[in-house]
Amino acid sequence: MNAANSTFLVLSSILVLFMTPGLAFFYGGLVSKRNVVNTMLSVFMICGLAILLWLAFGYSLSFSGDLGGFVGNLRATWLHGVDLTALTATKIPNGLYLIFQMMFAIITPALFVGAVVGRIRFKFLLTFIIFWSLLIYYPMVHMVWDNGLLAKLGVIDFAGGTVVHINAGITALVLSAFLGARHKYGKDATQHYNILWVLLGTAILWIGWYGFNAGSALAMNDIAIQAFLTTTVATATSMMTWMVVDMLTKGKPTLVGVCTGTLCGLVAITPACGYVTISGAFWIGLIATLTSYGFITFIKPRLGIDDALDAFGCHGVSGMVGSIMTGLFASKAVNRTISLNGLFYGGGFKLFGLQLLATIFTIGFTTIVCIVIIVLLKRVIRMRVDEQEEELGLDQGEHGEVADYTVQMSHDLTSIQHHSDEFRGQLAQLLDKQQRFR
């Protein structure tokens, strides 16, 4: 065991795990006060669900054997026969690599929760995540990171552009389309519960993302440092780009806008961070943010699909841009393990074409399997809460809890008013009967 590399991966794994509660704060701060508990629970419970799924089936389907280049087998179910002490190429224990990948399996499905908040039934979401992990996420891990179909073609994805962000973004879009818009979508602007939580969640995500990106080097080496630098540059560029565009178009910067831009940069650089130069990171951050901003501002309203917290607009769109632009800016001078330079570094169109192909494949594969899962699952589990529960809020309707006491007070006052109206009606009837009796 290489002690430095192993210690680095332990810390990276902790940082990636830290991202999921950070995402819970990010999403929880953005939703209305009637849906805070439901949103944060829907994100945080994945920590438990994804760990058990990963140990039972995920590691085996991702990294054990190969079935047609698409998925592994089930011979390592519950880690049967897995030598956790065996060393990888970077001299870290196989058990530690398993843990690091487990953290990715937690955060990825949590990303698309933001698209469906406020209207999806918790039981449907819970069941969907199970089948989505088995049929979409684990096969994508195998195809990209375990010498599966895409890896054999020469596709590169340093930390999860296709596997994590495009995958989760497309899932968010498909779920939103099937679920339908919120009842008052486009009429009443959602009052964010706590913008300070959004900043807190963004800060946690940025910190955790260094485990996500730099940790994907799987060693404490020059590539890890490069990934750390490029992640920082792309994120700073995206943050400032979104803020400047807001100032030019709206006349003032917003905290939610700055946090959204920050997230776009983190997403976009993920597939490229270990392969590109500092200048490449700058252009990826800039172009991805402009693209996501344009989609969210101009295209999304015309689509009529209610992606509540712009999971597709941020993760899907910026993930696509980052994945494709890896084929433009990847450089063997940065990472000698890649066989091709990007288009802008004299490598021709081959790597660019492969990255474009991988992006299109991920979109198609995720869309088709998502549709199949949703259509079949809707036959046995109702997908959406009714209008009355949506109006009440999923915190009370699905969980019987509230994050804000004013929600409970409002509900109690409404109930009192309702009973008061009933009492007045009954009293009026009694007085009327008394009058007629006289």
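The values are calculated or read from the model by the stated rules, or taken from the named source; none is laboratory data. Just so it is clear, the structure is predicted and the values come from calculations on it, not from any experiment. Glycine also receives a Cβ, built like all others from the backbone with ideal geometry; neighbour counts cover every protein chain displayed. Surface accessibility is based on the protein's heavy atoms, side chains included, excluding ligands, DNA and RNA. Shrake-Rupley method; radii C 1.70, N 1.55, O 1.52, S 1.80 Å.
Loop-only check: which trypsin sites (Lys or Arg not before Pro) in segment 290-352 are DSSP coil with at most 11 other Cβ within 10 angstrom?
Here the trypsin sites (Lys or Arg not before Pro) that fit, given the DSSP loop and packing criteria, are ARG336.
Positive end of the charge dipole of the chain (Lys, Arg +1 and Asp, Glu -1 on Cβ, about the Cα centre): tell me which of ILE46, LEU356, LEU263 has its Cα farthest that way.
Positive-most Cα among the choices belongs to LEU356.
Could you list which residues have their amide H under 5 Å from that of ARG384, counting only those 5 or more apart in sequence or on another chain, with H placed in the peptide plane?
ARG121
Roughly how far apart, in whole Å, are the Cα centres of segment 285-356 and segment 391-407?
Centre-to-centre (Cα) distance: 38 Å.
Which residue fluctuates most in the GNM of the chain (Cα springs below 10 Å): VAL380, VAL164, VAL116?
Result: VAL380 has the largest fluctuation of those listed.
Can you give the angle from 0 to 90° between the axis of helix 405-437 and the longest principal axis of the chain, with both taken from C-alpha atoms, to the nearest 10?
Once rounded, the angle reads 20 degrees.
Between SER64, SER13, SER339, where does the largest GNM mean-square fluctuation fall for the chain, given springs only between Cα atoms within less than 10 Å?
Residue with maximal mean-square fluctuation among SER64, SER13, SER339: SER339.
May I ask you to evaluate 6.51 cos²θ - 1.76 cosθ + 1.60, the Karplus curve with θ = phi - 60°, for each residue of segment 161-173 and list the ³J(HN,Hα) values in order in whole Hz, giving x for glycine and proline?
Result, rounded to whole Hz: x, 7, 5, 9, 7, 5, 4, 5, x, 5, 4, 4, 5.
What number comes out for accessible area per residue over segment 254-373 if the probe is 1.4 Å? Units Å², please.
Per residue, segment 254-373 has an accessible area of 36 Å².
With contacts defined as alpha carbon pairs under 8 Å and 6 or more residues apart, what's the relative contact order of the chain in percent? Could the numbers behind the result be given before it?
Numbers: 801 pairs, mean separation 97.1, N = 438.
In percent, rounded to a whole number, it is 22.
Suppose the Debye formula is applied to equal point scatterers at every Cα of the chain; what is log10 I(q)/I(0) at q = 0.12, 0.13 Å⁻¹?
Once normalised to I(0) and log-transformed, intensities are -0.97, -1.13.
Skipping prolines and chain starts, which residues have an amide H placed within reach, meaning under 5 Å, of the one on ARG34, given they are 5 or more residues away or on another chain?
Those lying under 5 Å, H to H, from ARG34: there are none.
Considering only protein heavy atoms and a probe of 1.4 Å, how much of the accessible area of segment 132-261 is carbon and sulfur, as a whole percent? Let's see the in-between values first.
Values: 3350 of 4970 Å².
After summing per-atom areas, the C and S share lands at 67 percent.
So what J values fall out for segment 381-394 if you push phi through Karplus, 6.51 cos²θ - 1.76 cosθ + 1.60 with θ = phi - 60°, rounded to Hz, Gly and Pro as x?
For segment 381-394, the Karplus-derived couplings read 10, 5, 7, 10, 5, 7, 5, 5, 5, 5, 5, 5, x, 6 Hz, x marking Gly and Pro.
At a 1.4 Å probe radius, carbon and sulfur cover how many percent of the accessible area of segment 4-74?
Carbon and sulfur atoms account for 83 percent of the accessible area of segment 4-74.
Give the accessible area for HIS183 in Å² (nearest 10); use a 1.4 Å probe, count only protein heavy atoms, and leave out ligands, DNA and RNA.
Solvent-accessible area, nearest 10 Å²: 80 Å².
Quick one: dipole size for segment 49-149, taken about the Cα centre, charges +1 on Lys/Arg Cβ and -1 on Asp/Glu Cβ, in debye to the nearest 20.
About 380 debye.
Which value, in Å², gives the accessible area per residue of segment 28-87 when a 1.4 Å probe is used on the protein heavy atoms?
43 Å²
Nearest 500 deg cm²/dmol is fine: what mean residue ellipticity at 222 nm does the chain get from its DSSP H runs of n ≥ 4 alone, each adding -39,500 (n - 2.57), divided by its residue count?
Theoretical 222 nm ellipticity from helices: -20000 deg cm²/dmol.
Hey, what did segment 193-318 get for relative contact order, percent, Cα under 8 Å, at least 6 apart? Write down the numbers at each step before the final one.
Details: 167 pairs, mean separation 33.5, N = 126.
Contact order relative to length: 27 percent.
Expressed in nm to one decimal, what extension gain is obtained for the pair MET247 and ILE278 from 0.36 nm per residue of sequence separation less their Cα-Cα distance?
The MET247-ILE278 span can extend by a further 8.5 nm.
If the only charges are +1 at each Lys and Arg Cβ and -1 at each Asp and Glu Cβ, what is the size of the charge dipole of the chain around the Cα centre, to the nearest 20 debye?
Dipole of the chain, to the nearest 20 debye: 560 debye.
Could you run the Karplus curve 6.51 cos²θ - 1.76 cosθ + 1.60 with θ = phi - 60° over segment 27-38 and give me ³J(HN,Hα) per residue in whole Hz, x for Gly and Pro?
Calculated HN-Hα couplings, in order: 5, x, x, 7, 7, 6, 5, 7, 10, 5, 4, 4 Hz.
Select from segment 315-390 those chymotrypsin sites (Phe, Trp or Tyr not before Pro) which occupy a DSSP coil region and have at most 12 other Cβ atoms within 10 Å, ordered by residue number.
Those satisfying the criteria are PHE349.
Mind checking the per residue accessible area of segment 134-196 for me, 1.4 Å probe, whole number of Å²?
Each residue of segment 134-196 exposes 37 Å² on average to a 1.4 Å probe.
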